[in-house]
Amino acid sequence: MIFALFYAISAPAQTKQQRYLDYIERYKAVALQHEKEFGVPASITLAQGILESSVGRSQMAQEANNHFGIKAYHWKGEVYGGSDSLKQVGYRKYGAPEDSFLDHAKFLKGPRYSVLYQLDVTDYRSWAQGLRDCGYAEDVNYPTKLIAIIEQYELYALNGGHRIDGSKPAQQVESSGQEPVSDRWHHRKRRNRNAEQSSVQEPNQERQLPATPVVNGHVSSSADND
């Protein structure tokens, strides 16, 4: 009984890691600006950036300033990775991380994701679920991972929102059925799940369960990303 009470009190008070706070501080202004211009919630943008780029420390983020794994379909700029001989599409390479954030906001304005804009920008739970429903990620736990980051780091407060009671189910959004070529599989599809899951782990840290993706400061990458 005492243990259960202690856990209930201490569980919500998870330690915030400095590198996450630094990432949020660096990019929160651009995320809020893009929320104003494009309608994508700042909390969602930052959570996706943290998750997809391993808090800005992934190889792609470091070498290509690509924080969202957007592929180089219909891209006239520099390409990172890929292979012409194997007909593998590379990824968009940017001059600065902020360019990646702008491209991400523009990407989510495509027809594939139009239904998301029926949701309030403070409804981060429905946005997280909606991204999965629209096909942004194949990982069934993708919404859970985004929500865990948003709630642990209180990203919902950036645009004046509040923490949403998890007992209330997120709204389900249905894809329009349209799948423009420019919008298909922008994210990195996983070909060797086991190898890549182990590659994103940090030394002396255990792989966290999908339900709790933020543990000891480590966020696992999206299961559809490679």
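The values are calculated or read from the model by the stated rules, or taken from the named source; none is laboratory data. Predicted, not measured: the structure shown is a model, and the values here were computed from it. No Cβ is skipped: glycine too gets one built from the backbone with ideal geometry, and neighbour counts run over all protein chains shown.
Here are the numbers for this structure:
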| item | result |
| --- | --- |
| Every pair of residues 6+ apart whose Cβ atoms lie under 8 Å, when the first sits in segment 147-175 and is closer than 21 Å to residue 46 by Cα and among the basic types (Lys, Arg) while the second is part of a loop (DSSP other than H, G, I, E, B) and at pLDDT 95 or above | 163/154 |
| Long-range neighbours under 9 Å by Cβ, at least six apart or interchain, first residue within 10 Å of residue 112 (Cβ to Cβ) within segment 126-137, second among the hydrophobic types (A, V, I, L, M, F, W, C) | 134/115; 134/116; 134/173; 135/185; 136/108 |
| Test: residue in segment 121-144 that is among the β-branched types (Val, Ile, Thr) and under 20 Å from residue 17 (Cα atoms) | yes |
